[in-house]
Amino acid sequence: MRPIHRWSVVAGVFVVLALVPMAGRAFPASDRPVSAAQLLSLVRSGNDAPYSGTVEANGRLGLPFDDRFTDLADLFGGQTRLRVWWRDTTDWRVDRLLDSGEVDLFHHGSTTVQWDYERARVSFGNDPEIRLPRDSDFLPPRMAAFLLGDVSADHFTRLAPRRIAGEDALGLQLDVDDTRSTLDHVDLWAEADTGTVLAVDAYTSGSVPVVSSAFTSFSAELPAADVTRFRTPPGVDRRFEPLLDFADAADQYAPLTPPDSLAGLPRSNPGGRGVGAYGDGPTRLLAIPLQTRDAHVLSEQLHQSGAERVRGQQLLRVGPLGIMLTPVHQPFEFQWLLTGTVTDETLHRAAADLARGTTYR
């Protein structure tokens, strides 16, 4: 055989090997004769099934927050690549893959450890009752659990199946009819055997999802226990820093307590603390008290992003998310940050309820 022919054979082998996984992904997805209610039950029962793989999450919301507050702007405003090993809700690891390294979250029991490779920094702490979204919340199963909440089965319909990460995924759509919500519908696809959600798309009234997340590779096998255990790398400073975002800090230390309901939405977290979480599923609202110095920084960011002042409040609309900053609340110099997937009118009603119903602790 002449050399050119030998190389042709080698090239052909590589082409065949490359096409095998592509053929698996292109193969039409198989559906199953299950109702929307049955599929919803499967999704909810499989919410904590084990899995591993890689995920691509995409946000199309330009949030005005800078890193003095949180990294939410990165999570909601661009593409995030994640690698996950999920044994159960008490034992998992999620890595955010960056061009220059990665940031890893390890969770065991009630404790979360964050390892920042680029900064060679370790942070850890117990999970608080209230916190801002983090990388793990953008996994399709976690995002679906948050957006679906306890919504009843009569709000769901079946969608055509999809082939996702080489798996047959059954489709389900949540139609949002709460007039206080800014979301129109949520589409998801779940692995046919375990119910693990493989992809989620959240929509307003447009044809492009405002937030989406999907597995690019997936395994339903239980990950090894060793891979979710954090070990401090050699040469890294072993001094640990607490994980504390501004929502957790306000919940613990702010002297204000919001009322039991806002704009007709019942409080979903325990009372007597500084931060109030309201609503469920696609209709959610968060009330966070900010000290004036922190509120001033946020106010400048809102102003630069085009926020309007209406009825004494500063209001910015970013797709389905409303962000409102209320006037100074006396006798303490605090302002309320109101944000969530609710309409402007709902935010104004919530601000009025806060003015009447805030108490002190």
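Just a few scattered comments:
- Site pair Phe124 and Ser219 shows an inter-label distance of 2.7 nm when each label is modelled 7 Å from Cα along Cα→Cβ.
- Whether the range 110-244 is rounded, prolate or oblate, judged on the alpha carbon gyration tensor where a/c under 1.5 counts as rounded: prolate
- Figure note: Asp226, Asp248 ranked by solvent-accessible area, largest first, 1.4 Å probe, ligands and nucleic acids not counted: Asp226, Asp248.
- Per-residue HN-Hα couplings for the range 156-162 [Karplus 6.51, -1.76, 1.60; θ = phi - 60°; Hz; x = Gly/Pro]: 10, 9, 7, 10, 5, x, 9
- Residues with amide H under 5 Å from that of Gly125, placed H, sequence gap 5 or more: Thr112, Leu243
- Cα gyration tensor shape for the range 251-361, rounded if a/c is under 1.5, else prolate or oblate: oblate
- For Leu198, the amide hydrogen comes within under 5 Å of the amide hydrogens of Trp189, Ala190, Glu191, counting only partners 5 or more places away or on other chains and with H modelled in the peptide plane.
- Computed from point charges on the beta carbon alone (+1 for Lys and Arg, -1 for Asp and Glu), the dipole magnitude for the range 164-290 about its Cα centre is near 740 Debye.
- Counting heavy atoms of the protein chains alone, Val34 has an accessible area of about 50 Å² for a 1.4 Å probe.
- Taken over the range 286-345, the ratio of Cα radius of gyration to 2.2 N^0.38 Å equals 1.04.
- Annotation: amide H-H contacts under 5 Å for Gly78 (H modelled 1.01 Å from N, sequence separation of 5 or more, or interchain): Gly59, Leu61.
- Structure-based [θ]222 nm, the chain - -39500 (n - 2.57) summed over DSSP H runs of at least 4, per residue, nearest 500: -7000 deg cm²/dmol
- Calculated FRET efficiency for the pair Tyr360/Gln79, C-beta based, R₀ 35 Å, to 0.05: 0.20
- Using 0.36 nm per residue and subtracting the Cα-Cα separation, the extra length available between Ser35 and Thr89 on full extension is 16.7 nm.
- Using Cβ point charges alone (K and R +1, D and E -1), the dipole size of the chain about the Cα centre works out to roughly 520 debye.
- Tensor-based shape of the chain (alpha-carbon gyration tensor, a/c under 1.5 rounded, otherwise prolate or oblate): prolate
- Relative contact order (%) - criterion: Cα under 8 Å, at least six apart; region: the range 67-225: 14 percent
- With all protein chains in place and ligands, DNA and RNA left out, the 1.4 Å accessible area ranks Phe246, Phe215, Phe332 as Phe332, Phe246, Phe215, largest first.
- C-alpha long axis of helix 3-26 to longest principal axis of the chain, angle in °: 40 degrees
- Accessible surface for Val318 stands near 20 Å², nearest 10, in the context of the full protein assembly shown (1.4 Å probe).
- In the context of the full protein assembly, Ser35 retains an accessible surface of approximately 50 Å², using a probe radius of 1.4 Å and ignoring ligands and nucleic acids.
- The phi torsions of the range 101-106, fed into the Karplus equation with coefficients 6.51, -1.76 and 1.60 and a -60° offset, translate into couplings of x, 7, 10, 10, 10, 10 Hz, rounded to whole numbers, with Gly and Pro shown as x.
The values are calculated or read from the model by the stated rules, or taken from the named source; none is laboratory data. Everything quoted here is computed from the prediction, not taken from an experiment. Ideal geometry is used to build each Cβ from the backbone, glycine not excepted, and the neighbour counts take in all protein chains shown. Surface areas here come from the heavy atoms of the whole protein model, side chains and all, with no ligands, DNA or RNA. Shrake-Rupley method; radii C 1.70, N 1.55, O 1.52, S 1.80 Å.
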